[in-house]
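Here the structure comes first, spelled out in structure tokens, and everything after it is commentary.
Each value in this text was obtained by applying a stated rule to the coordinates, not by laboratory testing. Computed from a predicted model, the values in this text were never measured in an experiment. Cβ placement follows ideal geometry from the backbone for every residue including glycine, while neighbour counts extend to all protein chains displayed.
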Amino acid sequence: MTTAEWTERYQGAVMNTFGPPQTVLVRGEGVHVWDADGNQYLDLLAGIAVNALGHAHPAIVEAVTSQLTTLGHTSNFFATEPQVRLAEKLVQLVGHDARVFFTNSGTEANEAAFKVTRRTGRTRVVVAEGSFHGRTMGALALTSKEAYRAPFEPLPGDVTWVPYGDAAALEAAVDDTVAAVLVEPIQGEAGVVVPPDDYLRVARAVTTRHGALLWLDEVQTGMGRTGAWFAYEQSGVVPDLLTLAKGLGGGLPIGACVAIGDAGTLLQPGNHGTTFGGNAVSTAAALAVIATIEGEGLLDHVTTIGDQLRRGLADHPLVAEVTGRGLMVGVVLHQPLAAEVQKAAMAAGLILNNATPDRLRIVPPLVLSESEAAHAVTTLRAVLDEVSA
Ligand SMILES: *Cc1c(COP(=O)(O)O)cnc(C)c1O
């Protein structure tokens, strides 16, 4: 079966929410994937910042296989060993008293956090323009893009929008009626947009002053992506709510809402639930991801390779700016050619994402090696030459 044949079958049976697939992938190993026509790609997107250890990593294969052959699904009427271990590990990484609610995705982690904010007795949430927090109705109410929201209104209300990165606007928007301020430490879907250095510190100070929760969506930035376990550590703040997903399970579906300090007891029995969330197999995978990041010193590696990518691309004539931290790399183009670059990169054997008309997003596996990064830079520069010509 060729890619074209699979694509036709896909379009006959799968709901058309994503548009036509770029190709049909049949296999992955390390930082490479192959499509049904046998083409090989260097995967600089990693399932959108998900495959932290690349594809078919032995540590994840072993953890999932041994867990599934020991105990698979149980429901949350029962606790399991990997679930308890993962919750403890996340609390340890956060470094403060905290409680974890496990989900299957980023949007569900945000739904859980949204429900936590409602238990403060206040309802107003202050959110940044350009934000992406997910597609379920609650998370969608907190997601900025009008085109995503408009067809589904009315959505849960009492949301106040502020420009991202504008500390003064944030301070002006927060008062004693605000339940929470929600921001991404670096905006991912918006194309790797980094706020000014003091932004999270101002967000922390203003929420503390008004008794509101600081909720950081680290679904994309978390779990080592920026060279720290959590991007907020690089700003010296501690949030009340932290949402995680994407890289957490290294490809297995899992998310987490981590509530720090007093926020950890706002949800009480009956307030929330999930059938699959925190299942033994996904939590075992996440434990393997964390152990591998620790064991192989990947946080420092992420910083080194991220700098190598940014340095290698910054001086290309089509590139206005390189953004982000660690292996969350944005490439801002002088012209709105990101879609053309994405297509040409694919033809040249590179998978990356055109996040906006003029922004590329590169979020490769955290295990991308120096020589693979060098190959990525050389290939992408040639693609940028070709598209500029
Ligand atoms: C991807 C993403 C989400 C949504 O996660 P899903 O697993 O797709 O539901 C939420 N917030 C941020 C910051 C994301 O990048």
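Assorted remarks:
- For the chain, the 222 nm mean residue ellipticity estimated from helices alone, with every DSSP H stretch of n ≥ 4 adding -39500 (n - 2.57) and the total spread over all residues, rounds to -11000 deg cm²/dmol.
- Ordered by the count of other Cβ atoms within 10 Å of each Cβ, fewest first, S105, S371, S282, S66 give S371, S66, S105, S282.
- Backbone amide hydrogens, once placed in the peptide plane, bring L241 within less than 5 Å of L214, W215, L216, I260, excluding anything fewer than 5 places away on its chain.
- Value of D in µm² per second that Stokes-Einstein yields for region 60-295, Kirkwood Rh from Cα pairs, at 4 °C (1.567 mPa s): 73 µm²/s
- Legend: Rg and Dmax of region 1-56, from Cα coordinates, 12.2, 33 Å.
- Average Cα contact separation per residue, region 239-389, under 8 Å, 6 or more apart, as relative contact order %: 17 percent
- Choice from Y164, Y148, Y232 with maximal GNM fluctuation in the chain (Cα, 10 Å cutoff): Y148
- Taking L214, L93 and counting other C-beta atoms within 10 Å, the order from fewest to most: L93, L214
- Inter-centroid distance (Cα atoms) of region 79-154 relative to region 207-268, Å: 9 Å
- Taking only the Cα atoms of region 26-176, the radius of gyration and Dmax are 20.1, 59 Å.
- Relative contact order (%) - criterion: Cα under 8 Å, at least six apart; region: the chain: 21 percent
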